[in-house]
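Below: the structure, in structure tokens.
The values are calculated or read from the model by the stated rules, or taken from the named source; none is laboratory data. A quick note: this is a predicted structure, and the numbers were derived from the prediction, not measured. Every residue, glycine as well, gets a Cβ built from its backbone with ideal geometry; the counts of neighbours run over all protein chains shown.
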Amino acid sequence: MKLSLDWIKDYVKIPDSIEMSRLAYDLTMSTVEVENVADLGAQFSGMVVGEIKEILPHPNADRLRLCETDIGGETKEIVCGGTNLAAGMKVAVAKPGATVKWHGAGDPVVIKNAKVRGIESYGMICASSEIGLFDLFPFTEEATIVDLSAFGARPGAPLSEALELDDVILEIDNRSLTNRPDLWGHYGIAREISALYDLPLAEFTPYAPQPCDRSFTVQIDDPSRCFRYIGVEIGGLSVKQSPFKVRSRIWRVGMRPINAIVDITNYVMLAVGQPTHAFDSDNIKGHITVRRARDAEKLLLLNGRELSLSREDLVIADDEASVGLAGVMGGAKDSVLPTTDRVILEIADFEAISIRRTAARHEARTEAAIRYEKGLDPERGDIALSLSMKMFAEFFSGMKVTGFRDNYPNKLERASVDVSLDWLASRLGKRIESPDIEKMLTRLGFAVTFTNGGKDMRVAVPTWRSTGDVSLPDDIMEEVARLYGFENFEAAPIATSFTSAINQREIDMDRGIREYLAFRCGMQEIFSYPWVRGEYLDAIFPNREGMLSISAPPSPDEKYIRSSLLPGLLKSVSENLRFFGEFALFESAQVFKDGDYSSPYDKREFLPCQRRNACGVIVGASGEAGVLFRRAKGIIEWLPRYAHIESLTFAQREKPVWADAVVWLNIISNDAAVGSLALLSKKTALGCGIKNSAAAVFELDIDALKPLPSRTNKFEHLPEYPRTEYDISMLLDASVKWEDVYKAVTSKKDPENLIRGVSFIDEYRGSQIPEGKKSLTLRLIIGSLTKTLTSAEIESCAGTVIKRIKKAVGGELRN
Amino acid sequence: MKEKFDSLKASGEERISAAKTIAELQDVKASLLGKQGALTDILKEIPKADPSLRPEIGRMANELKDIFTKLIDSRTEEIRLADSAISADFDLTAPGLPPLEGGLHPITQMCYDLNDTFRSMGFEIFQESDITSELYAFDNLNFAPDHPARENMDTYWLAGHDAGRGPDRLALRPHLTGASVRYLQTHKPPYRFVYPGRVYRNETTDARHERAFFQYEALIVDREFTFSAGKVMIKSILSKVFGRDVPVRMRVGFFPFVEPGYEIDMGCLVCGGVGCSVCKHVGWIEIMPGGAPHPNVLRAANLDPAEFTGFYVNIGLDRLVMMRYGVDDVRLFHGGDLRFLRQFK
């Protein structure tokens, strides 16, 4: 919402001691956010009134003229192509240094002294569109320059002074007005300023209706939708231009002047926030009825569009048909035409929600609808009426009221709120004296009565705040606090109340897992959207089993929401492969499935299955697939130790659809599958745009993991006697599994109790190894708990291990 | 002869200890003990000497040879130990090897910074689900039945679950506030908790607008709490995030679920409050809404508004990270682009 300071000052005299910057600051702090403060006059700097003394032909151009122009004490030669130039005419001259838009289009340019077709021109004589004034000085013929002859300004006078454009325009963030419909319009803000600074506010003289010749009736069929309808039939009018000051004000705050009748309705709306509407009463057959539309009833608009209405829409109708969509817009019949000399002025109040729905249904969020949908105070009709009638009388000397109706079936009651002063002091953290509270609230239009021996107060809310805005003691507290000034309350420390230290295992586990993956495993955390692109689903989960979807998705291709983090992660993989060859990513977020509907909070609520997952991918060259898989496996194997959760094991139970034919495992916790670990199948990889690279993936249901009660480690005494690392390389059948080798070494009791550890070192297949075989290197840690071993004892222990391996899986020693 | 030996001993010892490198020492060794060396030269003169003195000369020569040999050996060891383990021309300017490349998302980093700060002030951390019902997203929060945010325009309702009302109508949560009621319902007063999470809005995206973004809510509900204590809380959080004292102001603001409501601004860190393009020349940047929970919200959590009040703030994590680092496009956060993410350690 744009506001003119000059206009605000019609209603509240702001002393010079309150600077504009302070006013904007105080309004922002206490009332509404002032987004911008613009000096209107500044955009006309360097522009003056010029009087054309003589017009000479341009020696080098037929269409151009040389204008000898008096710009105040000196006469300059200005080249101009205007078609309406005349000697004696007063024009707007942009002197060198002023900023204009050539022919009203493109970026603003700064005027310089320049030669135009060989003749030096001092600045330029402007068309209205070139200096941003087209709406005030419209023209139809090209190259029409602004004629200022009617303004009686002396040559050389600054243009902003001649046109009285020295004003400040405040721009208010409309969001900050959401709950304050009373602030729409200059009068509403003026009222707030008068309260903030304790200044007197101008009042409107109530309009006193006179006896009329003709009496038309207004019938309100649905008083729950239309609270009040004032209709005034006014004759003796004509369609003409309104006075410059009115046009100028309308233009300053962002609307376009049209003609005097329409301008009055817009001016009143901008002044007091009450939409008003005037329609040619010759088009109205009989009387006015405010009623629900009939199903499929048609309404023709002025722009030729025809609306199809429903029972939900409220219309203004005459005896024959609907003429306008109530509170939203007028129809073709319901307008001011060039021939109009008699109108019906409508000042009405409609219920907010139905206006919003109607405006949304017909895609017509008009200026009127925007105001009505916030909920207006029907009492506001009185000041709108007063101002409207005053303006009609001023603009049209032959104006005559021929009909008047004020149908006000639902009189708005002032809200009343009881507030305890002790409660107020406790909530504010400060006790403000009762007389001060009363003064502040009175300035805002509230009426205060102290009750209960001065301990409580009953606050009567002004009508303009009684439309739902103020109804609770908390609302009164806010009024007091903002008028007192939020900044004037001393900062208070936050009281602590120690009961116990915070101990949230699940929360800590979630963080522990992320930090483990990021810092220890070298993976980068990413975030992706919950809605998944179709191409990735086709590649990863082609049947979309159990997936939920959005009814109005971001795009038709992003209808489904994720049941796994894999699609988002693989999209990121394919995109990052443009820049990187080897990398590791992970994401931790919720996934969703259509099932398990329940809610632990409210038994009426049924929420679908939502689980927090962690999903990781390690990407590298195709030839490294085995290593990538083993890295991924290592990450899961070590996760329980580093993140302090219950242990995880692996088994092949159910192959994920996206996994490699062979290289896949399920992750098991307490005998339940809680995730998977696998190489990406070639088909899935290709479908996700991953070519010439391999990717090992894991996905884990974090909600299924159990955090240990605290950081859990087991202390062992450091060995008293030496230990030896003893590596054994065996040539084995390629199909032999490490697990079987490991079991062969560890499952039987070690009679001497010398084996302290067995670990996998390496597996090798290649040129030196026969086809169908592989070399496996394992490491024994050999040591006694009671003595230092001799080398013969160590060799004998290793020999036993080799024999056991040979017996279990065959093969022979390599080294 | 003795003088010769003495003189050779003195000069030899000096030369050995003066040698700086193994090569230099080899040269010294050759010049003292080699075939053309000084000691050999002396020995060559033995035949010319008085035969009775020859054994004594021989003894002295051997003694000197021993002394030199020992000195050279110990000097060799000295030089070896003082030498670099690699080479004299090792390039110290070559970069070191980097540690593992992984890292947390900048929003997670910010979230953990805030978690640490809030926990130090006695707040619990609460996590809830992304899909919620209209009951919690709107009804409990004092949103008018016809509030525009309920319409499809702003909220992602779930297909097949969008026909009903209240508990039957499901959506990706449009804000976090609804879940605060879930916490209030399942815990005992007084309450002091934070609630980080991702929210979803059906919006047209651009550099400043996203459909998925992160919020961080803090809520205190207690028998006594004034908004000026809330201001202290906000100041301490921001100074942790930005590493210095940040001016904070609270001004009037409106949100359905708070009464009174505030817009909370912080002093622009780019210009120091004098006005610049980042703060739209006002010196302040709007960072979060806040306020006391609306009585109707407290009632939804079965709390008596006459007894309880509180303080609530909702921090836009994306915006806070953008301000912290000068990130100019919010869409980068969900882009999964390593070139972006690796900038944040």
The lone condition A:D750 fails out of (1) within 30 Å of A:S796 (Cβ to Cβ); (2) in contact with a strand residue (DSSP E or B) (Cβ under 9 Å, 6 or more places away or on another chain) is (2)
Of the residues in the range A:574-602, those that are in a helix (DSSP H, G or I), of a type in the set (S, T, Y) and either touching a Leu at 6+ places or on another chain (Cβ under 7 Å) or within 8 Å of chain B (Cβ to nearest Cβ) (or both) come to none
Screening A:R256, A:R225, A:R252, A:R191 for residues that are within 33 Å of the chain's Cα centre (by Cα) and surrounded by fewer than 15 Cβ atoms within 10 Å (Cβ to Cβ) leaves only A:R256
For this session: Assess whether B:F68 counts as being of a type in the set (F, W, Y) and surrounded by 13 or more Cβ atoms within 10 Å (Cβ to Cβ).
Result: yes
Pairing a residue in the range A:43-60 that is among the basic types (K, R) with any residue that is surrounded by fewer than 23 Cβ atoms within 10 Å (Cβ to Cβ), where Cβ atoms lie under 9 Å and the two sit 6 or more apart in sequence or on different chains, gives A:K53/A:E68; A:K53/A:D70; A:K53/A:T75; A:K53/A:A87; A:K53/A:G88
Of the conditions (1) within 22 Å of B:R324 (Cβ to Cβ); (2) facing chain A (nearest Cβ under 10 Å), the single one that B:L100 does not satisfy is (1)
Per the list (1) touching a Ser or Thr at 6+ places or on another chain (Cβ under 9 Å); (2) more than 9 Å from every other protein chain (Cβ to nearest Cβ), residue check on A:F486 breaks on (2)
Out of (1) under 22 Å from A:L376 (Cβ atoms); (2) in contact with a Leu (Cβ under 8 Å, 6 or more places away or on another chain); (3) in a loop (DSSP other than H, G, I, E, B); (4) in contact (Cβ under 8 Å) with a residue 40 or more places away in the chain, the one A:A364 does not meet is (4)
Being in contact with a helix residue (DSSP H, G or I) (Cβ under 6 Å, 6 or more places away or on another chain) and in contact (Cβ under 8 Å) with a residue 60 or more places away in the chain narrows A:R611, A:R604 down to just A:R611
Picking from A:E525, A:E515, A:E545, the residue that is at pLDDT below 95, in the same structural domain as A:V573 (by TED's automatic domain parsing) and under 26 Å from B:E128 (Cα atoms) would be A:E545
Restricting the range A:28-59 to residues that are assigned to a helix (DSSP H, G or I) and polar (S, T, N, Q), the one farthest from the other protein chains (Cβ to nearest Cβ) turns out to be A:Q43
Counting only strands (runs of 3 or more DSSP E) entirely within the range B:132-245, those with at least 2 residues that are of a type in the set (A, V, I, L, M, F, W, C), farther than 30 Å from B:G122 by Cα and within 11 Å of chain A (Cβ to nearest Cβ) are B:170-172
Over the range B:75-84, the set of residues exposed (fewer than 12 other Cβ atoms within 10 Å of the Cβ) and assigned to a helix (DSSP H, G or I) is B:E77, B:R80, B:L81, B:A82
Residue set A:S563, A:S555; condition more than 10 Å from chain B (Cβ to nearest Cβ), buried (at least 22 other Cβ atoms within 10 Å of the Cβ) and without any contact (Cβ under 8 Å) to a residue 60 or more places away in the chain; output residue A:S563
Note: among A:V470, A:V419, A:V461, just one is touching a residue at least 24 places away in the same chain (Cβ under 8 Å), closer than 30 Å to A:A352 by Cβ, surrounded by 14 or more Cβ atoms within 10 Å (Cβ to Cβ) and more than 14 Å from chain B (Cβ to nearest Cβ), namely A:V461
For the range A:500-533 the number of residues that are more than 9 Å from chain B (Cβ to nearest Cβ) and among the hydroxyl-bearing types (S, T, Y) is 2
With the first residue restricted to the range A:422-444 and required to be within 11 Å of another protein chain (Cβ to nearest Cβ), and the second required to be part of a helix (DSSP H, G or I) and at pLDDT below 90, Cβ contacts under 8 Å at 6 or more apart or on different chains are A:G429/B:F227; A:G429/B:S228; A:G429/B:A229
Residue pairs within 6 Å by beta carbon, gap of at least six or interchain, first lying in the range A:639-653 and more than 14 Å from A:D701 (Cα to Cα), second in a loop (DSSP other than H, G, I, E, B), listed first then second, are A:H644/A:L708; A:H644/A:R711; A:H644/A:T712
Filter the range B:19-70 for residues that are in a helix (DSSP H, G or I) and acidic (D, E); the one that is nearest to B:A82 (Cα to Cα) is B:E24
Of the residues in the range A:637-652, those that are aromatic (F, W, Y) and in a helix (DSSP H, G or I) come to A:W638, A:Y642
Of the conditions (1) surrounded by fewer than 14 Cβ atoms within 10 Å (Cβ to Cβ); (2) in contact with a Pro (Cβ under 9 Å, 6 or more places away or on another chain), the single one that A:C688 does not satisfy is (1)
When every residue in the range A:709-735 that is of a type outside the set (K, R) and without any contact (Cβ under 8 Å) to a residue 12 or more places away in the chain is compared, the one farthest from A:I782 (Cα to Cα) is A:S735
- Before we move on, is A:E725 part of a loop (DSSP other than H, G, I, E, B), exposed (fewer than 14 other Cβ atoms within 10 Å of the Cβ) and acidic (D, E)? no
When the range A:1-23 is checked residue by residue, the ones that are within 18 Å of A:Y484 (Cα to Cα) and either surrounded by fewer than 20 Cβ atoms within 10 Å (Cβ to Cβ) or within 24 Å of the chain's Cα centre (by Cα) (or both) are A:I18, A:R22
Looking across the range B:273-310 at residues that are touching a Cys at 6+ places or on another chain (Cβ under 9 Å) and of a type in the set (A, V, I, L, M), the single one that is nearest to the other protein chains (Cβ to nearest Cβ) is B:V282
